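See below for the structure under consideration.
The values are calculated or read from the model by the stated rules, or taken from the named source; none is laboratory data. These numbers come from a predicted model, not from an experiment. Please note: Cβ atoms are built from the backbone with ideal geometry, for glycine as well, and neighbour counts cover all protein chains shown.
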Amino acid sequence: MSLNGVIVPSLTFFDENHIINSEIQTLLIKHLLVNGADGILLLSRIGEGLLFSEDKEQIYNLIDLTHEVTGNKTNILLNIIGDNEENAIDQLNELGKRYSNLIFVLAPPLHEKYSSLELISYFENILSSINIKSPLFLYNNPIKYLGNEITPDIITKMRAFSNLKGLIDDFENINYAKFYASIISDNFSLFCCEERNFQKYYQIIPSECYNISGLVPSISNLVNLSSKFYYCALEEKILELHQYQDEINDLHNKIYDPKMDLGKVRRGLKYAFLYLYKDIISTPLKNNYNISPELQRDLDEITIERIKATVNFLINQKYIYKLYSLGKKQIYQLNDIIKIFSDVNFLLDQGKIKKIIGPYTANINTIYRVNFEKSKILFRFRTSKYFRSEDMIKEKILFPLLDGTINSNSLNVREKVKSLIISNKGEYLFKEDKPPIIPVSKFLYYDETKEKIPYNFSIQEYISGKPISRILEEENQNLSKTKFITLFYNIGEILGKLHNIKFNSFQESLYDIGKEGIENWMEIFEPQLDLEIQEFKKNKFDIDKEITRYFKDHESLLTDNKIPVLIHNDYQLTNIIAKEESSKININGIIDFDELRIGVRAQDFVQLYFYTFNVVKNSDILNSFLSGYKNHQTIEKDFKSQIELYTAFWLLRMLNYKSLIEKGTDQLFKSRLNEIDYYLSELKKIVSN
């Protein structure tokens with residue numbers, strides 16, 4: 001057995017019923033490994049050992065999960081905690097037979113004070129009664145175990161048992177510590193578990209024993225400082241050891257909860273870890289912030305803000321190596337990411353990665369912003385299993401249409417589109433003499449092979465600014481001001497320009513552009529409507545008859561649509577990025593073309609009206625928007641009725657989509673399910689009229 005380095009006493013995450021949360025526990029184990037853990041100690045004091053001491057099923061689940069995540073390549077230690085010799089013997093024998101590769105840690109009694117002689121008898125009775133060969137370490141931390149202290153006499157007597165392979169000590173008693181250091185050998189290792197004594201520990205033990213000893217730091221549930229400390233000790237970098245010791249001590253005040261001493265380590269570390277991975281963990285932070293009931297306490301706002309600020313600082317200082325997620329199973333560390341994208345030539349010229357921000361999880365994509373030395377880049381991964389459109393990166397077809405490289409009505413349009421559909425990786429950069437007709441980001445790379453990662457992804461230049469929806473929320477100003485009137489005029493003009501991309505016929509899919517299509521829009525729309533109504537019936541909403549009647553009564557609005565145009569199909573303020581400069585708001589880019597298709601113009605008005613004009617009810621910005629649009633398109637008298645009809649269809653699709661998610665297991669979207677009631681009430685308003 002070889003045990004050295006950093007052994008992390010891991011936290012244990014569980015729900016209100018004391019069932020271990022395998023999602024968060026898996027993430028924690030991977031985090032520990034990335035941040036330098038050489039071994040993992042399960043069910044220590046901070047790992048809720050006492051809480052789970054009688055729950056065999058949860059103990060087995062935790063051990064099995066840890067073995068699975070580590071691939072049986074990392075030393076797993078298990079703490080045996082309690083006051084009863086017989087229980088300790090039974091646990092050791094049972095678990096030692098079940099898990100031949102476990103290392104056990106045995107502490108003194110937790111709730112009853114023993115004399116030195118009683119402790120000798122306690123450990124002798126246990127060690128002489130077990131019939132397993134598993135290695136075992138004693139654990140000495142008198143402050144936490146009612147003053148029960150493991151002395152040199154106890155260690156001397158216990159070394160007669162072949163299972164005993166070492167001691168984990170707090171290094172508070174210098175004389176005892178010097179004795180323990182003197183007996184370190186290949187058969188007896190010594191570890192320090194008191195974080196503020198790490199430097200003292202390495203001053204006491206012989207340097208030739210550094211590689212057969214190590215640290216047991218609770219703080220390593222979050223940071224990699226202890227690993228850095230350990231490797232500095234191996235290289236005998238004295239000044240760095242002093243620096244790291246100060247920084248570890250400082251973290252005690254910034255991460256651990258000072259308002260109640262008992263449980264302060266657990267409370268602080270659990271909140272810090274949950275905050276660190278709040279964008280990855282699928283359930284709200286408050287649902288996972290559980291510790292032993294007698295130690296449970298809500299953190300005050302000052303402590304919470306201090307922990308958050310400290311975590312952000314530690315990431316920037318690279319004292320935390322953060323994991324990055326694409327779904328529950330695909331979790332990567334930074335070095336993995338660099339390796340995966342090492343053959344994307346554009347990225348090689350951008351310098352070192354300074355910061356990774358995200359993930360931002362939208363309905364369809366998982367998005368990361370990566371700040372390089374020379375640029376800011378967006379990585380968009382198509383991670384949703386509920387995406388109901390063509391499984392391709394649509395910008396590869398859109399961008400050549402925007403700059404005229406592909407003419408939507410030319411004789412060779414099919415040939416050009418087909419070559420783009422076949423291409424499963426590449427880039428598209430606009431030329432200075434052929435800019436796009438609407439503002440979009442630079443399309444730096446796309447990959448649909450699913451070879452690097454199991455998703456389609458694209459890499460695009462980050463567009464500076466904010467979604468216009470956020471600008472309006474933050475400013476809360478009079479929308480009739482000139483800058484907003486001008487802004488909405490530009491929003492309308494951009495949409496009008498996009499709709500200038502017209503086709504000879506309608507197509508059900510972008511894959512079919514250039515093929516002989518369908519001239520009658522009804523032939524495209526009616527099958528889609530029937531499909532959505534059938535799905536709506538399955539979801540047992542109570543207005544399917546009213547919906548069928550509504551679309552039948554308004555059929556004439558469908559026959560009026562004769563012009564096939566390219567539509568964004570998700571044109572709303574959240575997908576328009578702008579930046580305010582002096583007295584103007586400049587639109588820097590339109591984003592999110594996942595729903596791009598050939599359709600009719602009124603479809604692109606739906607979400608602007610639903611989320612903005614119908615809510616704000618400001619005629620100035622509405623009229624300005626329509627004026628900008630009319631610069632490029634004509635609007636029929638019944639156009640508002642067309643918008644209402646396609647709003648009903650969009651709401652129908654959204655209700656089916658949200659219901660599909662509700663039936664699934666994708667927890668990332670569960671928080672949005674209250675939208676179902678809202679969408680249903682809005683749909684009822686339309687069809688009842």
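Residue 103 meets the conditions (1) more than 26 Å from residue 46 (Cα to Cα); (2) at pLDDT 95 or above in every case but one. The failed one is (1). Inclusion of residue 164 among residues that are within 20 Å of residue 44 (Cβ to Cβ) and either at pLDDT below 95 or surrounded by 21 or more Cβ atoms within 10 Å (Cβ to Cβ) (or both) is not warranted. Scanning the range 514-523 for residues that are in contact (Cβ under 8 Å) with a residue 60 or more places away in the chain and in a helix (DSSP H, G or I) gives a single hit, 521. Tallying residues that are farther than 21 Å from residue 49 by Cα and outside any strand (DSSP E or B) within the range 132-191 yields 31.
The sole residue among 525, 488, 536 that is closer than 21 Å to residue 638 by Cα, among the aromatic types (Phe, Trp, Tyr) and crowded, with 18+ Cβ neighbours inside 10 Å is 525. For the range 167-208, the candidate set comprises residues that are of a type in the set (Ser, Thr, Tyr) and crowded, with 21+ Cβ neighbours inside 10 Å; within that set, the residue that is nearest to residue 131 (Cα to Cα) is 189. Is one or more of the residues making up the range 3-23 assigned by TED's automatic domain parsing to the domain that holds residue 70, surrounded by fewer than 24 Cβ atoms within 10 Å (Cβ to Cβ), under 17 Å from the mean Cα position of the chain (by Cα) and not in a loop (DSSP other than H, G, I, E, B)? Yes, the range 3-23 contains a residue that is assigned by TED's automatic domain parsing to the domain that holds residue 70, surrounded by fewer than 24 Cβ atoms within 10 Å (Cβ to Cβ), under 17 Å from the mean Cα position of the chain (by Cα) and not in a loop (DSSP other than H, G, I, E, B). For residue 529, the conditions (1) within 34 Å of the chain's Cα centre (by Cα); (2) modelled with pLDDT of 90 or more are fulfilled apart from (1). For the range 41-88, the set of residues classified as more than 29 Å from the chain's Cα centre (by Cα), at positive phi and hydrophobic (A, V, I, L, M, F, W, C) is empty.
With respect to residue 282, determine if the residue is surrounded by 14 or more Cβ atoms within 10 Å (Cβ to Cβ), in a loop (DSSP other than H, G, I, E, B) and small (Gly, Ala, Ser). So residue 282 passes the test.
The set of residues from the range 635-676 being modelled with pLDDT of 90 or more, among the charged types (D, E, K, R) and assigned to a helix (DSSP H, G or I) comprises 640, 644, 653. Take residue 113 and tell me if it is surrounded by 14 or more Cβ atoms within 10 Å (Cβ to Cβ) and of a type in the set (Lys, Arg). For residue 113, the condition - surrounded by 14 or more Cβ atoms within 10 Å (Cβ to Cβ) and of a type in the set (Lys, Arg) - is not met.
Every test in (1) touching a residue at least 60 places away in the same chain (Cβ under 8 Å); (2) in contact with a strand residue (DSSP E or B) (Cβ under 6 Å, 6 or more places away or on another chain) is passed by residue 13 save one, and that test is (2). Summed over the range 385-405, the residues that are crowded, with 20+ Cβ neighbours inside 10 Å and under 23 Å from the mean Cα position of the chain (by Cα) give a count of 1. Here 237, 200 are screened, and the one residue that is on the phi < 0 side of the Ramachandran plot and in contact (Cβ under 8 Å) with a residue 12 or more places away in the chain is 200.
Put simply, of 413, 344 the only residue that is modelled with pLDDT under 95, surrounded by 15 or more Cβ atoms within 10 Å (Cβ to Cβ) and over 24 Å from residue 564 (Cα atoms) is 344. Among the residues of the range 211-224, those that are closer than 11 Å to residue 195 by Cα and not β-branched (Val, Ile, Thr) comprise 215, 217, 218, 220.
Quick check on residue 356: is it over 30 Å from residue 501 (Cα atoms) and either out of contact with any helix residue (DSSP H, G or I) (no Cβ under 9 Å at 6 or more places or on another chain) or surrounded by fewer than 17 Cβ atoms within 10 Å (Cβ to Cβ) (or both)? The answer is yes for residue 356. Counting the residues of the range 38-48 that are over 16 Å from residue 102 (Cα atoms) and not basic (Lys, Arg) gives 3.
The combined condition, being modelled with pLDDT of 95 or more, small (Gly, Ala, Ser) and crowded, with 17+ Cβ neighbours inside 10 Å, is not fulfilled by residue 49. Scanning the range 236-262 for residues that are within 13 Å of residue 218 (Cβ to Cβ) and either in contact with a strand residue (DSSP E or B) (Cβ under 9 Å, 6 or more places away or on another chain) or among the aliphatic types (A, V, I, L, M) (or both) yields 248, 251, 255.
This table checks each residue for (1) free of Cβ contacts under 8 Å to residues at least 60 places away in the same chain; (2) farther than 30 Å from residue 458 by Cβ; (3) over 36 Å from the mean Cα position of the chain (by Cα).
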| site | (1), (2), (3) |
| --- | --- |
| 536 | no, yes, no |
| 551 | no, yes, yes |
| 558 | no, yes, yes |
| 566 | no, no, no |
| 587 | no, no, no |
| 590 | no, no, no |
| 595 | no, no, no |
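Annotation for the range 607-615: no member residue is out of contact with any Pro (no Cβ under 7 Å at 6 or more places or on another chain), surrounded by 21 or more Cβ atoms within 10 Å (Cβ to Cβ), among the polar types (S, T, N, Q) and under 22 Å from residue 391 (Cα atoms).
Among the residues of the range 285-308, how many are charged (D, E, K, R), surrounded by fewer than 16 Cβ atoms within 10 Å (Cβ to Cβ) and either in contact (Cβ under 8 Å) with a residue 60 or more places away in the chain or part of a helix (DSSP H, G or I) (or both)? The total comes to 5. The residue list 369, 382 contains one member that is of a type in the set (Lys, Arg), within 16 Å of the chain's Cα centre (by Cα) and closer than 19 Å to residue 449 by Cα, which is 382.
A quick yes/no check of all residues on (1) more than 19 Å from residue 4 (Cα to Cα); (2) of a type in the set (A, V, I, L, M, F, W, C):
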{"site": "135", "(1), (2)": "no, no"}
{"site": "139", "(1), (2)": "no, no"}
{"site": "150", "(1), (2)": "yes, yes"}
{"site": "153", "(1), (2)": "yes, no"}
{"site": "158", "(1), (2)": "yes, yes"}
{"site": "169", "(1), (2)": "no, no"}
{"site": "173", "(1), (2)": "yes, no"}
{"site": "190", "(1), (2)": "no, yes"}
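Looking only at the range 63-75, which residues are buried (at least 17 other Cβ atoms within 10 Å of the Cβ) and over 16 Å from residue 33 (Cβ atoms)? Passing the criteria: only 63.
Sub-8 Å Cβ pairs linking a first residue in the range 244-272 that is within 22 Å of residue 230 (Cα to Cα) and in the same structural domain as residue 45 (by TED's automatic domain parsing) to a second residue that is modelled with pLDDT of 95 or more and among the aliphatic types (A, V, I, L, M), at least 6 apart or interchain, number zero.
Please indicate, with yes or no, whether at least one residue in the range 322-335 is more than 15 Å from the chain's Cα centre (by Cα) and either within 15 Å of residue 30 (Cα to Cα) or in contact (Cβ under 8 Å) with a residue 40 or more places away in the chain (or both). Among the residues of the range 322-335, at least one is more than 15 Å from the chain's Cα centre (by Cα) and either within 15 Å of residue 30 (Cα to Cα) or in contact (Cβ under 8 Å) with a residue 40 or more places away in the chain (or both), which makes the answer yes.
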